[in-house]
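The values are calculated or read from the model by the stated rules, or taken from the named source; none is laboratory data. What you see is a predicted model; the values in this text were computed from it and never measured. As a convention, Cβ positions derive from the backbone with ideal geometry for all residues, glycine included, and neighbour counts pool all protein chains shown. For the accessible areas, the whole protein counts, side chains as well, though only heavy atoms, and no ligand, DNA or RNA atoms are used. Shrake-Rupley method; radii C 1.70, N 1.55, O 1.52, S 1.80 Å.
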Amino acid sequence: MVTLSELIGAIECVQPVLNKAVLDGVSVSVQKVMTLEKADADAVAFLSHAKYAKDLPNTSAGVVLISEKIANAHQDAAPAGTVLIIVKDAYLAHASISTLFAKRAPDGIHQTAVIAPSAKLGADVSVGAYAVIGERAVIGAGSHIGSHAVIGDDVVIGEQCHIAAHAVIAHDCVLGDDVRVHSHASIGSEGFGFAPKMSENSVAWQRIAQLGRVVIGNHVRIGSNTCVDRGAVEDTQIADNVIIDNLVQIAHNVQIGAGTAIAAKAGIAGSTVIGKNCIVGGAVGMNGHLHIADGVTFTGMAMVTSSITEAGVYSSGTPAMPSMQWRRAAVKFRQMGEKH
Amino acid sequence: MVTLSELIGAIECVQPVLNKAVLDGVSVSVQKVMTLEKADADAVAFLSHAKYAKDLPNTSAGVVLISEKIANAHQDAAPAGTVLIIVKDAYLAHASISTLFAKRAPDGIHQTAVIAPSAKLGADVSVGAYAVIGERAVIGAGSHIGSHAVIGDDVVIGEQCHIAAHAVIAHDCVLGDDVRVHSHASIGSEGFGFAPKMSENSVAWQRIAQLGRVVIGNHVRIGSNTCVDRGAVEDTQIADNVIIDNLVQIAHNVQIGAGTAIAAKAGIAGSTVIGKNCIVGGAVGMNGHLHIADGVTFTGMAMVTSSITEAGVYSSGTPAMPSMQWRRAAVKFRQMGEKH
Amino acid sequence: MVTLSELIGAIECVQPVLNKAVLDGVSVSVQKVMTLEKADADAVAFLSHAKYAKDLPNTSAGVVLISEKIANAHQDAAPAGTVLIIVKDAYLAHASISTLFAKRAPDGIHQTAVIAPSAKLGADVSVGAYAVIGERAVIGAGSHIGSHAVIGDDVVIGEQCHIAAHAVIAHDCVLGDDVRVHSHASIGSEGFGFAPKMSENSVAWQRIAQLGRVVIGNHVRIGSNTCVDRGAVEDTQIADNVIIDNLVQIAHNVQIGAGTAIAAKAGIAGSTVIGKNCIVGGAVGMNGHLHIADGVTFTGMAMVTSSITEAGVYSSGTPAMPSMQWRRAAVKFRQMGEKH
């Protein structure tokens, strides 16, 4: 059970509770997060947009987080028994309290974990079954290493990190504090670097051993099955507050600026530098060796073939339409490319 | 060795054998599946399209499955020693008999598996080396948990499921019967949910702990390295008879209707609802919060940015052409967007 | 420390050192690879393009590899203490010496590895913690099997291969010599083969057990989280000197010709045959059952819907532009498909 004061405490980590005085002395506990529509008395819900206000009068939620800008218009519609917490941004408040209800990683170090004698684990580090931690690795206080995760030699992981089951972090990589890496992420695999050499019948490829690292800042999120390759000579770099979704490819020597968000299935080719506070939509593809300015947004599936020097929103592609119509359009597009 | 009566038995699980009386008393055994062209007397082959009928006269196959609609025209061309099994759909018959030749998962529970004392395993469950099964997990009869698979706390898996090596199924997720999950699939990882909050120099992102589950029906297939994220508040849902290929992204709170097939590298953003009996081509991308009607087909690489209300085939993109031609067309496309 | 003669030895595996006589008797050792700009006396750097020649006069590198074609014009600008190694292709020389500085896989067989009694390991095979090697598997001399890797029954792996942590190679697959497979690669998972069958309310799908193998030649690279599915009846085939990046999908029965390079996030649908010495850009998608000639290059995100019979460069898509402009162009593209 989570008490009202615990909810308020979690919210105040990110923003003030605006009606805190009114709530003083009120007693209520909840045990789950639900939508307004489905909530019962044991649940906390939130209302951040006027379009969902219609669900407020009939909610059974024990607690509702409501945004200030719609509180005046709608708070009187709340049922009598519902406790309203008024904040500037109820969506952000919902985010901050959600973690109170998340399943905790297990404590302790599982007896099957293989931890090199020279590795250093901080206070309250937990390690799952069959995890492997390499020589001289350093794991900061409060971090969790999931089952089967492999942490290579000389890796440094900060405090309060969560490395999920089956993540791999290869040798010498560095992670800051509060980094979350999800299942089957591959961090620090060898980048795709080859020099062509001719053999008799075909091209052959001379492997370039990748000698750089992956260096990741604080408060970073790396999604499931996402790949971040180590640098060729210098490092691949991901700054603070970067969030990356699943199945994303970050090639060697890419640099990603602070606060940038990258949606699922995007791919960034080698040595491209992305600025701060960018939004990269799902399945966006970027060529290598580009520079993307701060504050650039790419909509989903955009094909980025040249550098972008000004903040703004950029798009490409053609949205889906009935196939018969599309065929005619695609033929005309092809004709547009014919020499005249 | 697989006998003729075993072949007939497997076919009759999906459709009647049309010349069963003729086959009565015939004795033949095979030990592999081959094409008509490469088959020998130990092999079963199939013929479901007239265009491959040219290979029938010269086949050495011990058994040939043939579709009724071409049997009349071609069956007399079969070599004398070949046993013909006539069915309505020889491709479907081939599918049903193929499983007789597949390698079986090993029996028993490997001594290195870590199984929580509170987990409940049904009859004939097999578990591979280094698999980890969490507290209160329930595994139905006849299911196989592959080597290194991680089954989280409170997971429910139905009967006759096959969880391949290195699959991860996170806590509280539910799988029906006859579900096959392939290597490195991530089911139930935390969805990509964040609320923006401003810090001094850049955007920061407040994590939203994802409190929903992934709920999967019966007869579902999840491919290798595919990600199905758990819901934010409610569940991500995959209905019966859904088949999903490799490297697919299914974001939080997506719902996929029964019978829908999703090809490799497709991505479905959060909260999108896909109807029944849809076909989603390879590398298709869908925005979040869309509704896709029943019976919709998207061809490969389609970019789906708005809801689809009518069954039919939808496409987008421009097919590859010589680069010089493409450059001219792409320039003109860009010019089409200039203000006049 | 790597001596000058070791550097020369590594280079001469791929090309002659052109000023070898001059270097005779010179003594210098280095311990890392750096750029010209950042190198110190312990580092080797390289110069293969004139545009970086401006960094040569001020470099502190102990050794510089320089391409013959720019050596005449620039070698006199090198600092007095720098040892110049002149070769035909300094980039290729850099590639060949890079491996001297790479971290070596650990020796020996970890006590937690589960190796079937019938498996055969060649001389100097090393096996990481919790790796699992199946019955009758054969691992060639000098190969390394990483932590948690799963090698199925009857797999054959050649000499000097590197199978990274958490790679899965399913039963019966065959790998040649000098094959590198990276983390979370899924080789030999079941291909996406189903025959439709109608049930009451929706399509159902009859699984086709995939009975073929994956057969991989020599000097092949498979990236992290890449999937290569086993063949349905015959084999999926990857020829010598093929290099494949991360998150690539290779469907069942695909054949890839020698020397072909495939960048990240590409996807090749079933039974497509790709020729020799092709370059497949990032996120390229190819339909199934196509034939691609030798020497074809596809630029990134190309959508390949038909066979290509002539060598050359092919492209598709529309590059990103400001969204307001893109919206107008996309509307006109749609209008181009309307009936007139």
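If you check B:Gly282 against the conditions, is it buried (at least 24 other Cβ atoms within 10 Å of the Cβ), facing another protein chain (nearest Cβ under 7 Å) and within 24 Å of B:Phe333 (Cβ to Cβ)? Here the answer is yes, as B:Gly282 does meet what is asked.
Kindly check whether there is at least one residue in the stretch B:204-211 that is surrounded by 23 or more Cβ atoms within 10 Å (Cβ to Cβ), more than 7 Å from every other protein chain (Cβ to nearest Cβ) and assigned to a loop (DSSP other than H, G, I, E, B). Yes, the stretch B:204-211 contains at least one residue that is surrounded by 23 or more Cβ atoms within 10 Å (Cβ to Cβ), more than 7 Å from every other protein chain (Cβ to nearest Cβ) and assigned to a loop (DSSP other than H, G, I, E, B).
Filtered by the rule that a residue be among the small types (Gly, Ala, Ser) and either open to solvent by 10 Å² or more (accessible area, probe 1.4 Å) or over 24 Å from B:Val168 (Cβ atoms) (or both), the stretch A:212-232 gives A:Gly212, A:Gly217, A:Gly231, A:Ala232.
Number of residues in the stretch A:153-178 that are part of a loop (DSSP other than H, G, I, E, B), more than 9 Å from chain C (Cβ to nearest Cβ), closer than 22 Å to A:Glu234 by Cα and hydrophobic (A, V, I, L, M, F, W, C) equals 2.
Residues checked against (1) within 15 Å of the chain's Cα centre (by Cα); (2) of a type in the set (Asp, Glu); (3) on the phi < 0 side of the Ramachandran plot:
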| position | (1), (2), (3) |
| --- | --- |
| B:Val150 | no, no, yes |
| B:Glu159 | no, yes, yes |
| B:Ile163 | yes, no, yes |
| B:Gly193 | no, no, yes |
| B:Val203 | no, no, yes |
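Residues in the stretch A:95-138 that are among the acidic types (Asp, Glu) and either under 25 Å from the mean Cα position of the chain (by Cα) or open to solvent by less than 40 Å² (accessible area, probe 1.4 Å) (or both): A:Asp107, A:Asp124. Remark: C:Gly188 matches the filter, which requires a residue to be closer than 15 Å to B:Ser224 by Cα, open to solvent by less than 10 Å² (accessible area, probe 1.4 Å) and either more than 7 Å from chain B (Cβ to nearest Cβ) or not in a loop (DSSP other than H, G, I, E, B) (or both).
When A:Ala232, A:Ala239, A:Ala261 are checked against the criterion of being among the small types (Gly, Ala, Ser) and facing chain C (nearest Cβ under 10 Å), A:Ala232 stands alone in meeting it. Any chance the stretch C:171-184 includes a residue that's surrounded by fewer than 24 Cβ atoms within 10 Å (Cβ to Cβ) and under 13 Å from the mean Cα position of the chain (by Cα)? Yes, that holds for at least one residue. If you go through the stretch C:1-36 and keep only what is more than 25 Å from the chain's Cα centre (by Cα), without any contact (Cβ under 8 Å) to a residue 40 or more places away in the chain and surrounded by fewer than 19 Cβ atoms within 10 Å (Cβ to Cβ), you end up with C:Met1, C:Thr3, C:Ser5, C:Lys20, C:Ala21, C:Val22, C:Asp24, C:Gly25, C:Ser27, C:Ser29.
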